[in-house]
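We did not get these values from a lab; they are worked out from the coordinates using the rules stated. What you see is a predicted model, and the numbers here were worked out from it, not measured in a lab. When we count neighbours, we look across all protein chains shown, and the Cβ atoms used for this are built from the backbone with ideal geometry, even at glycine.
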């Protein structure tokens, strides 16, 4: 499927898979770049999200799941309040300063739906799936700010502890390390 999407420059759908099954909201993606090809046919790819959808009916007859979907966009096209957007951008920058921040492509902070750009840096797949379902940029930005407002202090504390853990209590590494 991915090979066909690369060859045809087409989209394919992705959804979050859990132990109980898949969630009913997903996103189509297009392969931007193949990062690495393995001898067994697997690939590391970089994709970009295109269209959000809800699964209406699932077809499990083939090896790869297929579904009838309904595409959706935001119900509210009004731009979000500037302070929501500014706080989200500030939180994004703080997240990128953390040593443990996962690799992601640089966000386009001028995008009208900047929430999706910022979300690339968030490591929590369940949160990202919930964010995908919101049909308002303002609602997504509020959720991002709430999430990052809790996540950032915890991560900063973890990084301080990780840095301090190998030290001997006197502010430096023990001799020989």
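Tabulated values for the structure
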{"quantity": "For the range 2-72, alpha-carbon Rg over 2.2 N^0.38 Å", "calculated": "1.18"}
{"quantity": "Equivalent ellipsoid semi-axes - Cα gyration tensor, the range 82-164, angstrom", "calculated": "22, 13, 12"}
{"quantity": "Cα gyration tensor shape of the chain, rounded if a/c is under 1.5, else prolate or oblate by comparing a/b with b/c", "calculated": "oblate"}
{"quantity": "Virtual spin-label span in nm between residue 36 and residue 62, 7 Å along Cα→Cβ", "calculated": "2.9 nm"}
{"quantity": "Global form of the range 38-102, assessed from the alpha-carbon gyration tensor, a/c cut-off 1.5", "calculated": "oblate"}
{"quantity": "Per-pair calculated FRET efficiency, R0 = 45 Å: residue 163 and residue 9 via Cβ, rounded to 0.05", "calculated": "0.50"}
{"quantity": "Additional length obtainable on full extension of the chain from residue 124 to residue 154, 0.36 nm per residue less Cα span", "calculated": "9.4 nm"}
